[in-house]
Amino acid sequence: MAFVLSLLMALVLVSYGPGGSLGCVLSQNHALIGRKNFRLLGQMRRLSPRFCLQDRKDFAFPQEMVEGGQLQEAQAISVLHEMLQQSFNLFHTDRSSAAWNTTLLEQLRTGLHQQLDDLDAWLGQVMGEEDSTLGRTGPTLAVKRYFQGIHVYLQEKEYSDCAWETVRVEIMRSLSSSVSLQERLRMMDGDLSSP
């Protein structure tokens with residue numbers, strides 16, 4: 001019993017870390033889940049991208065707006081949340097279920113949902129009442145338009161295997177940018193800490 005109690009105490013101390021807050025652990029977990037999601041997308045590949053060259057498309061990812069140094073903390077969190085939410089929505093449709101390995105798809109959905117849950121608390125605290133328009137302007141709106149273009153593309157291509165493969169590669173690219181954005185948030189805040 002004493003061993004179990006000592007082990008539980010050690011886990012609590014490790015969870016709180018040197019800064020005395022649980023936020024550091026959440027941040028590390030958030031980053032780990034993000035890397036896992038990226039790997040899952042890589043594992044979901046069913047076709048060679050070379051086979052689908054005729055279906056390639058420039059979706060005009062707003063990279064400069066997302067990765068540019070002008071984003072304030074509230075904007076950066078809003079953009080990151082929007083990217084994860086739109087990715088989750090994209091892979092949470094009946095059409096996506098038919099296109100992918102269901103086990104990998106479910107793991108990806110779960111990971112994206114966990115990341116969204118992590119961000120929800122920060123988003124509410126940082127944005128507050130006066131910043132509620134952030135989701136309808138600037139970089140966050142650009143991300144929404146980008147994902148609308150992806151949805152239109154899938155519809156135009158009638159959700160073909162090559163269309164889904166093209167989108168999978170594109171989402172990997174956008175999630176890669178989200179990792180850069182998360183790193184910037186860590187620098188802004190010292191470490192993404194929970195409220």
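The values are calculated or read from the model by the stated rules, or taken from the named source; none is laboratory data. None of the values given here were measured: they were computed from a predicted structure. Ideal geometry is used to build each Cβ from the backbone, glycine not excepted, and the neighbour counts take in all protein chains shown. Protein only, heavy atoms only, side chains kept; ligands, DNA and RNA dropped before computing areas. Shrake-Rupley method; radii C 1.70, N 1.55, O 1.52, S 1.80 Å.
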Out of T102, T110, T93, report the one residue that is open to solvent by less than 70 Å² (accessible area, probe 1.4 Å), closer than 23 Å to L47 by Cβ and among the β-branched types (V, I, T). T93
Name the residues in the stretch 40-56 that are open to solvent by 100 Å² or more (accessible area, probe 1.4 Å) and either within 17 Å of H113 (Cβ to Cβ) or in contact (Cβ under 8 Å) with a residue 12 or more places away in the chain (or both), would you? Q43, R45, R46, F51, Q54, R56
Pull up the stretch 68-85, narrow it to residues that are open to solvent by 50 Å² or more (accessible area, probe 1.4 Å) and either modelled with pLDDT under 80 or not in a helix (DSSP H, G or I) (or both), then point me to the one that is nearest to D117 (Cα to Cα). E73
What are the residue pairs meeting all of these: first residue in the stretch 156-171, first residue free of Cβ contacts under 8 Å to residues at least 40 places away in the same chain and under 16 Å from N101 (Cβ atoms), second residue surrounded by fewer than 21 Cβ atoms within 10 Å (Cβ to Cβ) and not polar (S, T, N, Q), Cβ atoms under 9 Å, and 6 or more apart or on different chains? none
Subset of the stretch 86-119 (residues that are under 20 Å from H151 (Cβ atoms) and outside any helix (DSSP H, G or I)): F91, H92, T93, W100
